[in-house]
1. How large is the Kirkwood hydrodynamic radius of segment 266-408, counting all unique pairs of alpha carbons, in Å?
2. Could you give the accessible area per residue of segment 117-267, probe 1.4 Å, as a whole number in Å²?
3. How large is the Kirkwood hydrodynamic radius of segment 399-460, in angstrom, based on all distinct alpha carbon pairs?
4. What spacing in nm lies between the two simple spin-label points modelled at Asn288 and Arg416, each 7 Å away from Cα in the Cβ direction?
5. For the pairs Lys326/Lys392; Lys324/Lys346; Lys341/Lys400; Lys76/Lys251; Lys131/Lys392, note any where the Cα-Cα span goes beyond 24 Å.
6. Quick check: convex hull of the Cα atoms in segment 191-255, volume per residue, rounded to a whole Å³?
7. Roughly speaking, to the nearest percent, how much of segment 136-186's 1.4 Å accessible area is carbon and sulfur?
8. Can you give the accessible area per residue of segment 329-404, in Å², using a 1.4 Å probe?
Amino acid sequence: MRDYLPKYLNAFLLAFATFAVVFAIFIAKDPNTSHHLYFSTSSSSLWTSSFSSAFITEKRKRNGSNPGSLSWKRDKKVEAELATARALIREAQLNPNSTTSSPLRDEDYVPHGEIYRNPYAFHRSYLLMEKMFKIYVYEEGDPPIFHYGLCKDIYSMEGLFLNFMGNDVLTYRTRDPDKAHVYFLPFSVVMILHHLFDPVVRDKAVLERVIVDYVQIISEKYPYWNSSDGFDHFMLSCHDWGHRATWYVKKLFFNSIRVLCNANISEYFNPEKDAPFPEINLQTGEINNLTGGLDPMYRTTLAFFAGQSHGKIRPVLLNHWKEKDKDILVYEDLPGELDYKEMMRKSRFCICPSGHEVASPRVPEAIYSGCVPVLISENYVLPFSDVLNWEKFSVSVSVKEIPELKRILMDIPEDRYKKLYEGVKQVQRHILVNDPPKRYDVFNMIIHSIWLRRLNVKLF
């Protein structure tokens, strides 16, 4: 279900924009007017936002933090660490070999090739993240509303992330909040709605009551929320109402890093501070044998889609192509003799239209299957697009081009298709779920997205 912000928030957004702006560390304008964060090779691409020193000083005084205080010294130390990281990443961006390979050593994997906007800069950033980045997880709150989530079905990534962040084995987590670069608010929107939302009464204020109370508790108990106005805090949700959950605390909505599956610009997702991540449907919670599929020469189906008609885009797709073509296989209800996963694994292209929300689990499913995703969406910020160049392993088709879908796919030369296929195979490691997490996998890519957003903000 799509929800829209109250009118008063539009006015507040305009007023707030004149007060403080968060710029992206790597930003460029998309041809479709949306913004993409990315690793460029431009010398002017490293941006950080900062308040004026007078404003910061006055704000800290009001919060009881004065120059020379422990919290002031802590923040200065943390910002010095981040400044070092920014400088090293900037150096990597300017390296003349950054667009082709990485001279950095790595025993597991060295990013390379066209699927990356700048493989060397990404590699440098990733290694710095592993070495430096520290996350403090607020311990307040009890399961199942906090620190816990479902690890199967369409919301699996929300649950897995919460569970992984509760694991002390992770090098990112620190038990000392004074050493943290960011602070995680470990509530689960899925579990709040599962346990507290009455489907008959449909009182969405349960989100407000839980989240407002939680932010109030941690802001009164700890100095970190107030000292930064929430800029160094983050939440994560894969629920359709994840964005709605942040409305009720203005600083959470406007300042904090919101990590969301449904990264919809028309619903006030801000890619300059918010981070998109993939919606992965682990139907049973099983993560073994996620990848597979035939080699390109044995993929006999041009394009495949099966799914229900909802949202604005899918009805258009079904109207034009539902069971009308032998090469473009589009079904609303998959025939009993066909297997969904096997169809994806023998198709060259997998059609991934948005439904009620912009994100679709078909995108990761296509990548797992070695099937080139055909993206049909509007206002969607793709996962990890600050690092990944989606044009090198997917095809984008606008809604108005749906009637021409077959021609568009048939016109793709074989050599380009093979490069797209190779890109899909290469990018699998960044979308893959592992338990425990492995370097460069989807969990670590989410952490890297948060790391970049924290680098975007200079608080001192």
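The values are calculated or read from the model by the stated rules, or taken from the named source; none is laboratory data. Just so you know, these numbers come straight off a predicted model, no measurement behind them. Cβ coordinates were reconstructed from backbone atoms using ideal geometry, including for glycine residues, and neighbour counts include every protein chain displayed. When the accessible area is computed, the model is the full protein with side chains, heavy atoms only, and any ligands, DNA or RNA have been set aside. Shrake-Rupley method; radii C 1.70, N 1.55, O 1.52, S 1.80 Å.
1. 15.8 Å
2. Dividing the accessible area of segment 117-267 by its residue count gives 34 Å².
3. Final number for the Kirkwood radius of segment 399-460 is 15.0 Å.
4. The modelled label-to-label distance comes out at 4.1 nm.
5. Lys326/Lys392; Lys341/Lys400; Lys131/Lys392
6. With only Cα atoms used, segment 191-255 gives 81 Å³ per residue.
7. Percent of accessible area from carbon and sulfur atoms in segment 136-186: 53.
8. Dividing the accessible area of segment 329-404 by its residue count gives 33 Å².
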